[in-house]
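Down below is the structure, laid out as structure tokens.
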Amino acid sequence: MHLLNLGILAHVDAGKTSLTERLLFDAGVTDQIGRVDDGSTQTDTLALERERGITIKAAVVSFAIGDLTVNLIDTPGHPDFIAEVERSLGVLDGAVLVISAVEGVQAQTRVLMRTLRRLRIPTVIFVNKIDRCGAGYDRLLAEIAAKLGPAIVAMGAAHDLGTAAAAWEPYDPADPGFANRLADVLTLRDDTLLADYVAHEHALTGRRLRSALADQARKALVYPVYFGSAITGAGVGSLTAGLAELLPVTSHQACTGNARCRGTVFKVERGPAGEKIAYVRMFEGTANVRKPLRYGGAVGNTGKIAKVTGISVFAGGPAIPAESVQAGQIAKLRGLADVRVGDAIGEEGTTSPGRHFAPPTLQAVVVPASAADRPALHAALSRLAEQDPLINLRQDAVRQELLVSLYGEVQKEVIQATLAAEFGIEVGFMQTSTICIERLVGAGAAAKFMGDGANPFKATIGLRLGPAAPGSGMRFELEIERGALPAAFLTAIEETASQTLTEGLWGWAVPDCVVTVTHSGYVPPPPQGWSKFSSSAADFRRLTPLVVMAALKRARTIVCEPISNFRLEIPPDSVPVVLRALARLGAMKQAPGGADGFAGAVLTGELPSGRVRELQQQLPGLTGGEGVLESGFARYQEVSGEFPVRRRPDPLCRDE
Ligand SMILES: Nc1nc2c(ncn2[C@@H]2O[C@H](COP(=O)(O)OP(=O)(O)OP(=O)(O)O)[C@@H](O)[C@H]2O)c(=O)[nH]1
Ligand SMILES: [Mg+2]
């Protein structure tokens, strides 16, 4: 069996869910096309999604194109739910990037395309809504080439745009104009093709060009572009054929006895009885029902083992019960009680998804309307954090307030509505503030030795902390002999150091850091085995935070705030007033930008992320309602003036 694990990505409202419905219908999986506006689609199943007509959670559906099984992940387009896209990216073989033929390339489209390119995920572009008034064709192709990258190939022509009769005709491979355009794009990235083209123009047959196109599209070097309408179905047949022809297809590998097992969990939900369901993509080997499976943390050490109690596999329709899930497949697994999004599956699993998009830059205190609901609220938010660890639930040690990290206002509203609808808890939010981070100023070392009066634990630990490149995360290194300390103790140091660094000297996380173990010591067990007189992992877990904090004090840290870049399209006469507002908000590096065919003025620059919302709110008043703001996270920068201190959460509550 051949498989394609396909993501549908786009800016909000581009038509991803509608296209998903159309693909399911065309493939015969459904006998009626669901509509977002009626709340009747297969993938927007949450009450809140149906009510609001937006996708909030990524959802998996499956259909067949001939003998190819396509597992499709419909993702949300709103930037507040980018974490859902992030979790899906690690399991995709290919993607469809949807763009509205009316609204064109949006800020979010650029963010997504940049990531798809960086991850080299082969992608087909689908320009949707050609039936809508204001739909463009040449304008869209020029905009896509200018804003997303020039390596695109239009696969056909559209006519009757902006009417219900809008249609899309694929180019005939024998069409000389199409062949020339293909050759122009493809020879740029294929020297053999170029040499043949130069030697003899007619050497490049339609068939040769088509196979070169498939080859380059599957390597994410070129991006085929289709146009159509999810609502009328125009162009969707050509898109479907393109998916099968131009995206990489994996072969479903039959189980071999000694194949190691490797997969990743990209979504967790609760079943009707409250049981956890993990959505897993397998990369190698097989997971079997009623067999134990290792899952959890990093490289084969911290994982837990549980018996899989149920598997259902996506195989060209609704998920069906199965005895096993094999390499290449996506399945729902039951029985993994402590599973979390991002967990690796199997002994070799290291596939927790990396950070591809900006982290949440806001935090807010969640307050129950009734104080009696506080324990229930903690439990409910912990459940939400299972599905979305980035909300990073924590509790303030002094006031016992519950804090969550957020991307924005819509996510806040969704959390509020979910708590009310699913848990019966009415809440409000207080004190929305920016999430800062800490960066190390230099290196700092500290050591605590066994037998020293100030160290009550049966452990010696020396650590050196040093700065690491922004975005590189925590790196753990050894300056002691690898065999000098049992692996379980090293794991205890690594995990506890990583946890301790979530709260630096000012209470903010220290995300990028090299931690080097410089000293170690333990009390080995007597010959008859481990006893209470020998060292335990708990000794290392308790001592590590003390050593880390001592080293951190020597290294010193600065507090950095998130900075967003912005692009403003405004009427020319509002430039002076907008510039004054930008200065008041602390904008930096602002400059007139490229006009991209826009008649008004374009201003670009950077702004503290915490001020973007204010700019958004002021913009209509400043520009007579005509200003358009695009913004996204750019980087962290040292806070000028006094560093803000985050109230320290109680470490005991953090992981509950
Ligand atoms: N005329 C027209 N309307 C469309 C088309 N595709 C989608 N729509 C409408 O556009 C709106 C948004 O469609 P969705 O399918 O929810 O868009 P989405 O990309 O899934 O949105 P999010 O998941 O919230 O980001 C709905 O009102 C659809 O009916 C199309 O091809 N033509
Ligand atoms: Mg949707």
Is at least one residue of the range 94-107 more than 16 Å from ligand 2 (Cβ to nearest atom) and more than 25 Å from SER229 (Cβ to Cβ)? no
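Hey, does the range 33-42 have a residue that's of a type in the set (Gly, Ala, Ser), more than 11 Å from ligand 2 (Cβ to nearest atom) and modelled with pLDDT of 95 or more?
Checked against the condition, which is being of a type in the set (Gly, Ala, Ser), more than 11 Å from ligand 2 (Cβ to nearest atom) and modelled with pLDDT of 95 or more, the range 33-42 yields no hits at all.
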Please identify the pairs in which a residue from the range 144-155 that is part of a helix (DSSP H, G or I) has its Cβ atom under 7 Å from the Cβ atom of a residue that is charged (D, E, K, R), counting only partners at least 6 apart or on another chain. ALA146/ASP596; LYS147/ARG110; LEU148/ARG110
Here is a list of conditions, (1) farther than 22 Å from THR250 by Cα; (2) within 13 Å of ligand 1 (Cβ to nearest atom), and ASP74 meets all of them except one; can you say which number that is? (1)
Given the options VAL36, VAL12, name the one that is near ligand 1 (Cβ under 8 Å from one of its atoms), touching a His at 6+ places or on another chain (Cβ under 8 Å) and more than 20 Å from GLU245 (Cβ to Cβ). VAL12
Exactly one of (1) more than 30 Å from CYS133 (Cβ to Cβ); (2) assigned to a loop (DSSP other than H, G, I, E, B) is unmet by VAL198. Its number? (2)
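Conditions tested, residue by residue: (1) crowded, with 17+ Cβ neighbours inside 10 Å; (2) over 18 Å from ASP138 (Cα atoms).
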| position | (1), (2) |
| --- | --- |
| PHE178 | yes, no |
| ARG181 | no, no |
| ALA203 | no, yes |
| ARG207 | no, yes |
| SER211 | no, yes |
| GLN216 | yes, yes |
| TYR223 | yes, no |
From the list LEU89, LEU3, which one is more than 19 Å from the chain's Cα centre (by Cα), away from ligand 2 (no atom under 16 Å from the Cβ) and in contact (Cβ under 8 Å) with a residue 24 or more places away in the chain? LEU3
Could you grab me the full set of residues in the range 574-633 that are in a loop (DSSP other than H, G, I, E, B) and either small (Gly, Ala, Ser) or modelled with pLDDT of 90 or more (or both)? LEU585, GLY586, ALA587, GLY593, GLY594, ALA595, GLY597, ALA599, GLY600, GLY624, GLY625, GLY627
Quick check on ALA47: is it modelled with pLDDT of 90 or more and in contact with a helix residue (DSSP H, G or I) (Cβ under 9 Å, 6 or more places away or on another chain)? no
Note down all Cβ pairs under 7 Å where the first residue falls in the range 9-24 and is over 20 Å from THR115 (Cβ atoms) and touching a residue at least 24 places away in the same chain (Cβ under 8 Å), the second is more than 10 Å from ligand 2 (Cβ to nearest atom) and assigned to a helix (DSSP H, G or I), and they're at least six residues apart or on different chains. ARG22/VAL236; LEU23/VAL236; LEU23/THR240
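Need at least 2 residues that are of a type in the set (Lys, Arg) and in contact (Cβ under 8 Å) with a residue 24 or more places away in the chain per element, so show me which strands (runs of 3 or more DSSP E) inside the range 317-432 make the cut, counting only ones lying wholly within it.
Ranges flagged: 330-334.
The values are calculated or read from the model by the stated rules, or taken from the named source; none is laboratory data. Worth saying up front: this structure is predicted, and the values here are computed from it rather than measured. Cβ coordinates were reconstructed from backbone atoms using ideal geometry, including for glycine residues, and neighbour counts include every protein chain displayed.
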